[in-house]
Amino acid sequence: MFRSIRRLTSKAMTISPEITQALHDKVPVVALESTIITHGFPFPQNIEMARKVESKIRQNGCIPATCAFIEGKPYVGLSDSQLEFLAEQKNVNKVSRRDIGVTMAQKLNGGTTIAGTMILSHLAGIQMFATGGLGGVHRDGHITMDVSADLTELARTPVTVVCAGPKLILDIPRTMEYLETQGVFVGTYNDNGRERVEVPGFFCRESGVLSPYSFDSWQEIASIVYNQNTVMGLTSGSLVCVPPPEETALSSDFINNIIDDAIVEAEKRGVLGKELTPFLLQKIAKDTKGQSVECNMKFVMNNAEAALKIAKELLEIEENGPEVC
């Protein structure tokens with residue numbers, strides 16, 4: 001039964017020849033989501049960003065694997081024409097775990113969330129994934145139960161997610177508590193020798209929330225992932241937070257007031273569910289006169305660079321054995 005399910009899955013998914021060859025030849029592969037293309041940026045900024053991120057990964061000796069659904073079919077690795085097709089589409093479905101079956105059955109175009117990308121990556125055999133900001137527990141989420149499926153996916157799928165921290169529009173303390181309950185490792189890169197390492201809040205380098213763990217080298221975090229998933233066989237993912245560079249981060253005083261106003265506006269309009277985050281980010285982009293969008297692009301590039309470095313270190317550990325840990 002299990003083998004027949006695996007065969008059915010392999011027939012349903014299309015993994016690009018480039019990625020298939022890379023996995024066979026043990027070349028590092030970094031997965032990328034596509035909601036940032038379909039819901040994060042307008043055209044043509046979205047396709048420009050997607051091409052830049054893929055190019056950066058290739059220039060550093062790794063292979064990018066953008067995940068998406070095109071006319072209902074799940075793809076791991078898109079051609080340039082497929083990237084452009086996706087970037088130009090309107091009313092694209094936002095695909096998390098719950099949306100996969102209906103997207104396929106109704107032959108919809110779909111941008112994959114963090115959760116959706118983790119699922120496709122894991123099925124393809126990809127361990128490393130770079131994104132922008134993490135979803136989480138929304139403010140008042142303890143009342144509304146508005147909690148991103150990204151968090152539960154991290155608890156059940158062994159893919160390492162490299163991000164710039166939970167989005168600052170969220171309740172970050174409760175997001176961290178939720179991840180702890182789910183048994184998800186969270187580590188933050190200590191890029192300047194700080195004694196107190198906080199989880200970054202997407203847009204800012206710090207959030208006021210102490211990171212459960214920190215690390216100061218890519219080899220160290222690769223060793224943590226290797227021991228957790230390969231040596232011990234745990235099936236949960238890992239969350240790696242990379243603070244944005246100081247020159248691109250926004251100040252918390254500046255962005256927090258704008259976020260508060262955006263949340264009030266969303267409440268007035270009754271915006272809920274999976275429409276809430278895109279609404280808030282669009283409102284923030286407008287009120288910051290595009291600064292948040294520019295930061296978002298730079299953060300994604302920075303996270304992709306971190307992910308490819310970790311992917312290289314992880315592959316070296318896998319090839320040389322645990323003695324290098």
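The values are calculated or read from the model by the stated rules, or taken from the named source; none is laboratory data. All figures in this text were calculated on a predicted structure; none of them were measured in a lab. Backbone-built Cβ (ideal geometry, glycine too); neighbour counts: all protein chains shown.
Kindly indicate whether any position in the range 46-54 is in contact with an Asp or Glu (Cβ under 6 Å, 6 or more places away or on another chain) and of a type in the set (A, V, I, L, M, F, W, C).
Narrowing the range 46-54 to residues in contact with an Asp or Glu (Cβ under 6 Å, 6 or more places away or on another chain): 47.
Narrowing further to those that are of a type in the set (A, V, I, L, M, F, W, C): 47.
Yes, because at least one residue in the range 46-54 is in contact with an Asp or Glu (Cβ under 6 Å, 6 or more places away or on another chain) and of a type in the set (A, V, I, L, M, F, W, C).
Yes/no matrix, rows are residues, columns are (1) touching a helix residue (DSSP H, G or I) at 6+ places or on another chain (Cβ under 7 Å); (2) modelled with pLDDT of 95 or more; (3) within 21 Å of ASN302 (Cα to Cα); (4) not β-branched (Val, Ile, Thr):
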site: LEU86; (1), (2), (3), (4): yes, yes, no, yes
site: LYS90; (1), (2), (3), (4): no, no, no, yes
site: ARG97; (1), (2), (3), (4): yes, yes, no, yes
site: ALA105; (1), (2), (3), (4): no, yes, no, yes
site: THR117; (1), (2), (3), (4): no, yes, yes, no
site: GLY133; (1), (2), (3), (4): no, no, yes, yes
site: HIS138; (1), (2), (3), (4): yes, no, no, yes
site: ALA155; (1), (2), (3), (4): no, yes, no, yes
site: VAL161; (1), (2), (3), (4): yes, yes, yes, no
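When you check ALA307 against the structure, is it crowded, with 20+ Cβ neighbours inside 10 Å and farther than 21 Å from ASN190 by Cβ, yes or no?
no
Whether any residue in the range 253-273 is touching a strand residue (DSSP E or B) at 6+ places or on another chain (Cβ under 6 Å) and among the aliphatic types (A, V, I, L, M) is what I want to check. I'd like the intermediate steps shown before the answer.
Quick first cut of the range 253-273, residues touching a strand residue (DSSP E or B) at 6+ places or on another chain (Cβ under 6 Å) only: none.
No, the conditions are met nowhere in the range 253-273.
Within the range 111-182, considering only helices (runs of 4 or more DSSP H) that don't extend past its boundaries, which have at least 3 residues that are hydroxyl-bearing (Ser, Thr, Tyr), under 15 Å from GLY77 (Cα atoms) and over 12 Å from the mean Cα position of the chain (by Cα)? So that I can check it myself, show each step before the final result.
Working: elements: 114-124, 141-144, 149-156, 172-181.
Filter on the range 111-182 gives an empty set.
Given the range 1-106, what strands (runs of 3 or more DSSP E) lie entirely inside it while holding 1 or more residues that are over 25 Å from GLU275 (Cβ atoms) and either among the acidic types (Asp, Glu) or not assigned by TED's automatic domain parsing to the domain that holds VAL159 (or both)? It would help to see each step written out before you state the result.
On the way: elements: 29-32, 63-70, 73-76, 93-95.
Because the criterion is at least 1 residues that are over 25 Å from GLU275 (Cβ atoms) and either among the acidic types (Asp, Glu) or not assigned by TED's automatic domain parsing to the domain that holds VAL159 (or both), the strands (runs of 3 or more DSSP E) in the range 1-106 that meet it are 29-32, 63-70, 73-76.
Consider only pairs whose beta carbons are under 6 Å apart and that are at least six residues apart or on different chains; among these, list those whose first residue lies in the range 214-231 and is assigned by TED's automatic domain parsing to the domain that holds GLU195 and within 22 Å of ARG196 (Cβ to Cβ) and whose second residue is at pLDDT 95 or above and in a loop (DSSP other than H, G, I, E, B).
SER214/ASN190; SER214/VAL197; ASP216/ASN190
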